[in-house]
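The values are calculated or read from the model by the stated rules, or taken from the named source; none is laboratory data. This structure is a prediction, so every number in the text was calculated from the model and none was measured. So basically every Cβ, Gly included, is an ideal-geometry build from the backbone, and we count neighbours across all protein chains shown.
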There are 2 protein chains.
Amino acid sequence: MAKAPVLTPRADDFPRWYQDLITKAELADNGPVRGTMVIRPYGYGLWERMQQDMDARIKETGTQNAYFPLLIPQSYLTKEADHVEGFAPELAVVTHGGGKELEEPAVVRPTSEMIVNDYFSKWVQSYRDLPLLINQWANVVRWELRPRLFLRTTEFLWQEGHTAHATYEEARDFAARIHRHVYADFMENVLAMDVVLGRKTAKERFAGAINTLTLEGMMGDGKALQMGTSHELGQNFAKAFHTQYLSKEGKQELVWQTSWGSTTRMIGALVMMHGDDDGLRVPPRLAQVQVVVLAIKGDEAVLAKVREIGDALKAAGIRVQVDDRTDTPFGRRAVDWELKGVPVRVEVGPRDLEAGTAMVARRIPGGKTPVAVDTLAAVLPGVLEEDQALLLHQSRERRLSRTSDVTTVAEAVEATDAGGWARIPWAALGPEGEETLAEHGASVRCLLAEDGAVPDADDAPGNVAVVARAY
Amino acid sequence: MAKAPVLTPRADDFPRWYQDLITKAELADNGPVRGTMVIRPYGYGLWERMQQDMDARIKETGTQNAYFPLLIPQSYLTKEADHVEGFAPELAVVTHGGGKELEEPAVVRPTSEMIVNDYFSKWVQSYRDLPLLINQWANVVRWELRPRLFLRTTEFLWQEGHTAHATYEEARDFAARIHRHVYADFMENVLAMDVVLGRKTAKERFAGAINTLTLEGMMGDGKALQMGTSHELGQNFAKAFHTQYLSKEGKQELVWQTSWGSTTRMIGALVMMHGDDDGLRVPPRLAQVQVVVLAIKGDEAVLAKVREIGDALKAAGIRVQVDDRTDTPFGRRAVDWELKGVPVRVEVGPRDLEAGTAMVARRIPGGKTPVAVDTLAAVLPGVLEEDQALLLHQSRERRLSRTSDVTTVAEAVEATDAGGWARIPWAALGPEGEETLAEHGASVRCLLAEDGAVPDADDAPGNVAVVARAY
């Protein structure tokens, strides 16, 4: 089937391709207040699947969900000095409520550390109350001057975890557990995304944290995207909010804390990591529709067959949708499913019926083959797993092939100018080098230990900095 | 076990009992901005279970979830005249964003009709795009002058459905389907709540609707609580937003719409409908913990036994939690589970071990009996179903026994003054009678047809008004 290009090709204009894809695949629209977005059902379906999977992983750590208010008294923000400095420029402020000017303005939460800690200080009394492990799924608002759908929006959806522990070690280990066993496992095994796990430099750390762990992915244009972060907060907020517990030994001790978040930005990452010039490609384990069964024409025998195939695939545990909207031309529907990135299309027309086959179109590797209808339910689960693995492989290959090992700041800048990542010894870069990178629009995405692990300190010998331009 | 009262008894001070219960059962705390609340894990767990169940029911109607922005340009609100009049006094207004005064202030959504309709008018082009069935789970803000946890809070969580249809009949039937098959079925079969399904009078209708269907429950003090509403919006918003479609016949037609919502208020209803002087009683089908297995003492054999029982009950499909926190006194833990309303406690101490039994305490009917450990997994599923039915029966009995049939407005007022509901012919009450009721703090909760069904019009002959004081 010859096709006119539906999207601006990536090579011509990557940002425009991204915007095109999001609109045409019906993932989201721009909202009326600058920087906000409307997440349409197909886009929101991706988020729901992400939530389901991550929520189960979060609960496995013993964390419980709760809900804290959207509106926070402005005075709260000043309690932790670094924190307020980090967020002040991004705040949305409610000055009027119920027809009157408020005595104290309220800010719309940009994150919930302040308000969570106010309650933690009431709820934590004894060592018996620890660890206190709380997560919330919520919306937050950070005023965004250069908005881009999913990647930087004034309002976004996320989960934010907040925990309090008796010791430094326990908090450190918990932040690391979320980083690896919730975030990295989910991104690699469900989103089929290659991610680099590392530690942020002091310059890039979360406002108020003593350590920030990050996951960085390489997008289709070679830029980096921060996919999630897990912070050790040390005792900074505990001091500000007097969050203490009576230890077994009868002493008042400050708690050690973590916070960690991942957002609807992951949908943008999905697009930029797996999308191609025909649209999105959704990893099968994430897809709300793994297989769509299309009736090419509206005759009775074809309609009966697509429904029968739909039932058989559902019985085989596949998430399937039957597309029998034959008052819309087949070609238009096929392009639409391609744009939306449904992994497998099973197409059935009158000629296929005669042959006892259906045309199976695979979105991820591409290509079409006739397959005997009787074997579809047996064959497709394996196909989906193959495609899941292929996406992860492709994203990993992209990063490996576009990352250079360098030794000077100039070479690092050159690598990022050429649309790739650079690895440079942290000793050869340092905070000064970071300033130089910033002048060239690049930054240290994370630090890695010599063996590729997450380092325990910024200045551990052998640390390597991963440098890139970032979204 | 003799107990000092943990809560203010309901008969002494119902509102205080309510507040006490919510605090001591750790359902929620007041938030720092007046009228807001922090929903604690145990309270949020109830909401999560409600969401799961309702979300599946909503999806069965073909409705898909989406997400619309929190912030709405102030000018949008003026588009539908009744609507803006209804909501203007409750708005929270953002005047500053990103450190600057905004050119146009934004309101925090009090509901999303305005913004949803703006997008519906873009998405709906042809009859092929209908029906358009959208739901969102979100937070909304309505400035609340007399806040009460869960019942009236400045911010609350809810689902709001918004649909567009080709014909009046289809929209009317959809609103009715949500009313009965999503809301009423859920409330009766999962929340074990007796609800009366009726139609609001013109005075009590949603701002902008042509008909509002409601579900009203009687609380423990005889007052009414509106538990959910489903609105026919007619073409009011379609006209305001020019939401039209090209019909099969090639004509531009305005759509017909519905909207419908249910909120975290249902948690307040759960407390006030099923709670008693010892705390909450959670219906087993809703409970995140249906059975808690308590170790009375911390000796090895007891701890091994409670874990073994926990595993056996889990294998029997029961949602079970093992409480082996034996560094907290048993009595305190038992009172805590009672407050939280977990339907069944299985208590195991050294003496029970010898006898091969466990003490089974049933929260809903009350009482304790020793049960052979080997039979627990076989016996408890039946016990839980019995208790589910008992709660619904009790709430229905309460309403029936406290509702009087009357013929004059004065008698209706008298019945509500005495802590009950009145049923009065609508012909004997009418809009004038409604004004009289309002002077006495009562209102028409809904209209019913002569046979108890939902009437098609306010003035259908034989209509009966249900009158009560309401939350």
Would you confirm, using the coordinates I've provided, whether B:Leu71 is under 29 Å from A:Gly161 (Cβ atoms) and aliphatic (A, V, I, L, M)? yes
Residue list for region A:124-135, restricted to those being within 31 Å of the chain's Cα centre (by Cα) and more than 8 Å from chain B (Cβ to nearest Cβ): A:Leu130, A:Pro131, A:Leu132, A:Leu133, A:Asn135
Under 9 Å between Cβ atoms, which residue pairs at least 6 apart in sequence (or on different chains) link something in region B:145-156 that is part of a strand (DSSP E or B) with a partner that is of a type in the set (Phe, Trp, Tyr) and crowded, with 16+ Cβ neighbours inside 10 Å? B:Arg148/B:Tyr18; B:Arg148/B:Tyr471; B:Arg152/B:Tyr471; B:Phe156/B:Phe150
Would you please name the residue that is nearest to A:Ser126 (Cα to Cα), looking only at residues in region A:229-251 that are in contact with a Leu (Cβ under 6 Å, 6 or more places away or on another chain) and among the polar types (S, T, N, Q)? A:Gln244
Going through region B:123-135 one residue at a time, which ones are within 29 Å of A:Tyr67 (Cα to Cα) and buried (at least 21 other Cβ atoms within 10 Å of the Cβ)? B:Ile134, B:Asn135
So in region A:68-83, with the set limited to residues that are of a type in the set (A, V, I, L, M) and within 11 Å of chain B (Cβ to nearest Cβ), which one is farthest from A:Asn139 (Cα to Cα)? A:Ile72
Could you look through region B:74-97, keep only residues that are in contact with a strand residue (DSSP E or B) (Cβ under 8 Å, 6 or more places away or on another chain) and without any contact (Cβ under 8 Å) to a residue 40 or more places away in the chain, and pick out the one that is nearest to A:Lys100 (Cα to Cα)? B:Val93
Within region B:319-336, can one find any residue that is outside any strand (DSSP E or B) and buried (at least 23 other Cβ atoms within 10 Å of the Cβ)? no
Per the list (1) outside the structural domain of A:Asn135 (by TED's automatic domain parsing); (2) touching a strand residue (DSSP E or B) at 6+ places or on another chain (Cβ under 7 Å); (3) not aliphatic (A, V, I, L, M), residue check on A:Gly279 breaks on (2)
Starting from region A:38-67, keep only residues that are within 11 Å of chain B (Cβ to nearest Cβ), then list their pairs with residues that are acidic (Asp, Glu) and not in a helix (DSSP H, G or I) whose Cβ atoms are within a distance under 6 Å, requiring at least 6 positions of separation or different chains. A:Val38/A:Asp29; A:Arg40/A:Glu26; A:Tyr42/A:Glu26
Of the residues in region A:28-51, those that are more than 25 Å from B:Val107 (Cα to Cα) and among the hydrophobic types (A, V, I, L, M, F, W, C) number 3
Considering (1) surrounded by fewer than 18 Cβ atoms within 10 Å (Cβ to Cβ); (2) part of a loop (DSSP other than H, G, I, E, B); (3) in contact (Cβ under 8 Å) with a residue 12 or more places away in the chain, say which one A:Ile364 fails and leave the rest. (1)
Considering each of A:Ala184, A:Ala175, A:Ala138, A:Ala166 in turn, give the residue that is of a type outside the set (S, T, N, Q) and facing another protein chain (nearest Cβ under 10 Å). A:Ala138
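Looking at the structure I just gave you, is A:Arg10 at pLDDT 95 or above and touching a helix residue (DSSP H, G or I) at 6+ places or on another chain (Cβ under 8 Å)?
yes
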Condition met for B:Asp82 (assigned by TED's automatic domain parsing to the domain that holds B:His181 and buried (at least 17 other Cβ atoms within 10 Å of the Cβ)): no
Could you tell me whether A:Asp13 is acidic (Asp, Glu), more than 21 Å from the chain's Cα centre (by Cα) and surrounded by fewer than 21 Cβ atoms within 10 Å (Cβ to Cβ)? yes
Pairs with Cβ under 8 Å, 6+ apart, first in region A:404-423 and free of Cβ contacts under 8 Å to residues at least 60 places away in the same chain and surrounded by fewer than 16 Cβ atoms within 10 Å (Cβ to Cβ), second aromatic (Phe, Trp, Tyr) and assigned to a loop (DSSP other than H, G, I, E, B): none
Condition first: facing chain A (nearest Cβ under 9 Å) and surrounded by fewer than 17 Cβ atoms within 10 Å (Cβ to Cβ). Now tell me which residues in region B:99-122 satisfy that. B:Gly99, B:Lys100, B:Glu104, B:Lys122
So A:Asp327, is it more than 23 Å from A:Gly43 (Cα to Cα) and of a type in the set (Asp, Glu): yes
Just checking, does region B:86-98 include any residue being buried (at least 19 other Cβ atoms within 10 Å of the Cβ), within 13 Å of B:Ser112 (Cα to Cα) and more than 10 Å from chain A (Cβ to nearest Cβ)? yes
Subset of region B:16-37 [more than 7 Å from chain A (Cβ to nearest Cβ) and either among the basic types (Lys, Arg) or over 18 Å from the mean Cα position of the chain (by Cα) (or both)]: B:Arg16, B:Trp17, B:Asp20, B:Thr23, B:Lys24, B:Ala25, B:Glu26, B:Asn30, B:Arg34, B:Gly35
Quick check, is B:Asp311 free of Cβ contacts under 8 Å to residues at least 40 places away in the same chain and part of a loop (DSSP other than H, G, I, E, B)? no
Tell me, please, whether a residue that is part of a helix (DSSP H, G or I), among the aliphatic types (A, V, I, L, M), assigned by TED's automatic domain parsing to the domain that holds A:Lys251 and farther than 27 Å from A:Pro283 by Cα can be found in region A:192-210. yes
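Quick grid of which residues meet (1) over 30 Å from the mean Cα position of the chain (by Cα); (2) over 22 Å from B:Ala202 (Cβ atoms); (3) of a type outside the set (A, V, I, L, M, F, W, C):
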{"residue": "B:Ser75", "(1), (2), (3)": "yes, yes, yes"}
{"residue": "B:Glu104", "(1), (2), (3)": "yes, yes, yes"}
{"residue": "B:Thr111", "(1), (2), (3)": "no, no, yes"}
{"residue": "B:Val116", "(1), (2), (3)": "no, yes, no"}
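Looking for whichever is more than 14 Å from every other protein chain (Cβ to nearest Cβ), of a type outside the set (Phe, Trp, Tyr), under 20 Å from A:Glu308 (Cα atoms) and out of contact with any strand residue (DSSP E or B) (no Cβ under 6 Å at 6 or more places or on another chain) here; the options are A:Pro370, A:Pro350. Which one fits?
Answer to the check: A:Pro350.
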Do we find that B:Val38 is farther than 30 Å from B:Gly208 by Cβ and surrounded by fewer than 18 Cβ atoms within 10 Å (Cβ to Cβ) in this structure? no
